[in-house]
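Down below is the structure, laid out as structure tokens.
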Amino acid sequence: MGHCGVHEEFRRDLFPVPSSVQLGRDLAEVHLNKWGLAVLADDVTLIVSELLTNALTAGQGMITLSLSLRPGVLTIEVADVGSGVPRRRKARKDDVNGRGLQIVEHLAESWGHRSAPDGGKVVWARCLLS
């Protein structure tokens, strides 16, 4: 599946506006197709959507979407200037929000966060390529 031994990178700064979520999804899908990984598009675009939505909610400045393809793994990263640490919540049945990281956890092999070198944070998710 895809480019087994090839390293590919994609990075795009996005404005902190709701329409950036759809743009991020579209850009991820284009690059997955380009890299021969169209079969992952549904899961990856949903992960991108959830991470970008969380970044919009948490921060105020520019958001950076990065996709990194390495042998056997695709890493999705979303960086924002917010200082809050993402945490998985248990949404109640009637809650409209609060399921994003649960969805990411279900679709990705792993996820986490780290401090960004210039402040803010990076939230990442890894998908294994089988």
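Full extension of the chain segment joining residue 105 with residue 66 gains 12.2 nm, where the gain is 0.36 nm per residue of separation less the Cα-Cα distance. Stretching the chain fully between residue 39 and residue 17 yields a gain of 5.1 nm (0.36 nm per residue, less the alpha carbon separation). Full extension of the segment from residue 6 to residue 75, taken as 0.36 nm per residue of separation minus the current Cα-Cα distance, would add 23.5 nm. Look at the alpha carbon pairs under 8 Å that are at least 6 residues apart: their mean separation over the length of segment 8-128 gives a relative contact order of 25 percent. Applying both filters, DSSP loop and at most 16 other Cβ atoms within 10 Å, to the trypsin sites (Lys or Arg not before Pro) of segment 30-90 gives 87, 88, 89, 90. Charge tally for residue 38 (other residues, Cβ to Cβ under 15 Å; Lys, Arg +1; Asp, Glu -1): -3.
We did not get these values from a lab; they are worked out from the coordinates using the rules stated. Because the structure is a prediction, the values reported are computed rather than measured. Using ideal geometry, Cβ is built from the backbone for each residue, glycine included, and neighbour counts are taken over all protein chains shown.
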